[in-house]
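Here, each number is a calculation from the coordinates, and none is a lab measurement. Since this is a predicted model, take the numbers as computed values, not measurements. Cβ atoms come from the backbone with ideal geometry, glycine included; neighbour counts cover every protein chain shown.
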Ligand code: GLU
């Protein structure tokens, strides 16, 4: 089987959004497929009608598209093994359940919810390790079954799990795994609404879609013995399994909504770059065996292998994500950043204002090393987009002296003599004025920055003046002198 072209799948149940753990599963499947010249399939597991959420499938596909994890077969694009929505494959599951009924490997169960509840309570009282169905309906005669079905009695179809067996399989990540069949319930395969359960649909589809490797989160490890049993009773070859480690909060509890965002869409909306998010989730349970943390997708494909996936839980460290975002942002070309910045501007308070590309490129150049998010190219330096709306109080207290207005006036006069000044021209004028006044450069540079930007920190002073432009700089100095009152 391994020598075949690998076929892997991401098989989410649409819950309304794409969980970051789901993105990690999708990514590992994608990387494995690309690395091994295989196929990556998207299958939507939407058979739980009680969980149906309007728009969930679209959200999920959009989030995957945003991350650019392009699948080779799946919804929208099709493929030879479709349909790729389980809700469109109900006949297939029923047919397979019937096959097991005929083989005596599955049976009808007519137990009422009340009986099942009472059974569970009784087993809990007896402190049995886990509640299990008691095979009550296994002994119903064929005639009785026919009769009950004819008279419209609701039923489910259950797998007849043979007791006293050891169920074993080798997991690529976790090694050899064993379960006792006595601990495995006679799982429902077809529910009373005629829909298959996850277990049946998942196994039937993985087989029919010729999936070679099942790569999924560790939370499905405990379902795997049930799946293995199904492969065996159908007489099918099992795929290989790889269960990815759990995602943990920094306090090592299971990653939960309560401690932060878990939806990929939230990270996208907060302005994280897809490259950074993918890089980040790639490191959740995998490393290449060295200290490298910064990766582009191409390099991940080249280096990825399932043997290097760890067993132990992977801590979701937001600081690392922030760092990776800044790194990816810095490594982008200015022209790439220009597109992203223009998109941000179109969503910002400055959306109705026009800024020439050349101007924005200068802003990018001066700020790139100082920001972590594209939107910081606006929010951390609004002074590039509008005159200061206020002046940093602490900087006034520290740097705005009674003599400052006169000093800045002199500077403005000197600037006004320049034609098309370069950075160096500003610097020369500045040196000249500070010498004439006989004051240290620091005495004027801080108030100058405050007057022009309203802030006490930012890019190099002369870059700032150059980008903002002579007339605007002079205007801002005049406004600041009028408005800033030393304390
Ligand atoms: N539908 C399951 C989920 O929502 C799929 C688990 C599996 O990959 O087998 O994650």
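Tell me, what is the percent relative contact order of the chain, built from C-alpha pairs under 8 Å that lie six or more residues apart? If you can, show how the numbers build up before the last one.
Details: 670 pairs, mean separation 61.1, N = 487.
Once normalised by length, the contact order is 13 percent.
Could you give the angle, 0 to 90 degrees to the nearest 10, between helix 224-234's Cα long axis and the longest principal axis of the Cα atoms of the chain?
Tilt relative to the chain: about 40 degrees.
Using the basic label-point model (7 angstrom from Cα toward the beta carbon), what is the residue 252 to residue 301 distance in nanometres?
In this crude label model, residue 252 to residue 301 measures out at 3.8 nm.
Just report the Cα centroid separation between the range 9-62 and the range 245-293, whole Å.
17 Å
Starting from the alpha-carbon convex hull of the chain, give the projected area averaged over all orientations, in nm².
31.4 nm²
Tilt of helix 423-437 relative to the longest C-alpha principal axis of the chain, in degrees (0 to 90, nearest 10)?
The angle comes out at about 50 degrees.
Pairs of Cα atoms under 8 Å, at least six residues apart: use those to get the relative contact order of the range 86-158, whole percent. Walk me through the numbers on the way to the answer.
On the way: 40 pairs, mean separation 31.8, N = 73.
It comes to 44 percent, rounded to a whole number.
Just to verify a number: FRET efficiency for residue 54 and residue 423, C-beta to C-beta distance, R0 = 51 Å, to 0.05?
With R0 = 51 Å, the Cβ-Cβ based efficiency is 0.35.
Roughly what would the spin-label model give for residue 347 and residue 330, points 7 Å off Cα along C-beta, in nm?
Inter-label distance under the simple model: 2.4 nm.
For the range 53-123, what does the alpha-carbon gyration tensor say about shape, rounded, prolate or oblate, given a ≥ b ≥ c as the root eigenvalues, a/c under 1.5 as rounded, and a/b over b/c as prolate?
It comes out oblate by the Cα gyration axes.
Considering only C-alpha atoms, what is the centroid distance from the range 138-161 to the range 451-472, in Å?
The range 138-161 and the range 451-472 have Cα centres spaced 81 Å from each other.
Let me check against my output: what whole-number percent is the relative contact order of the range 145-236, with C-alpha pairs under 8 Å and at least 6 apart? Intermediate values should be presented prior to the final figure.
On the way: 85 pairs, mean separation 24.4, N = 92.
Reported as a whole number, the value is 27 percent.
What does the convex hull of the Cα atoms of the range 366-487 come to per residue, in Å³, rounded to a whole number?
101 Å³
State, to one decimal in nm², a quarter of the convex hull surface area for the C-alpha atoms of the range 53-208, i.e. the direction-averaged projected area.
Values: hull surface 52.3 nm².
So the mean shadow area of the Cα hull is 13.1 nm².
Regarding the range 217-295, what are the three Cα extents along the principal axes, ordered largest first, in Å?
49, 33, 24 Å, listed from the longest principal axis down.
For the range 157-238, rounded, prolate or oblate, judged on the Cα gyration tensor with a ≥ b ≥ c (square roots of eigenvalues), a/c < 1.5 rounded, else prolate if a/b > b/c?
Since a/c reaches 1.5 but b/c is at least a/b, the shape of the range 157-238 is classed as oblate.
Pairing the Cα long axis of helix 90-102 with the longest principal axis of the chain, what angle in degrees results, from 0 to 90 and rounded to the nearest 10?
So the inclination is approximately 30 degrees.
Take the Cα of residue 472, step 7 Å along the line toward its Cβ, and report every residue of the range 426-451 whose backbone nitrogen sits under 15 Å from that point.
Counting only backbone N, you get 451.
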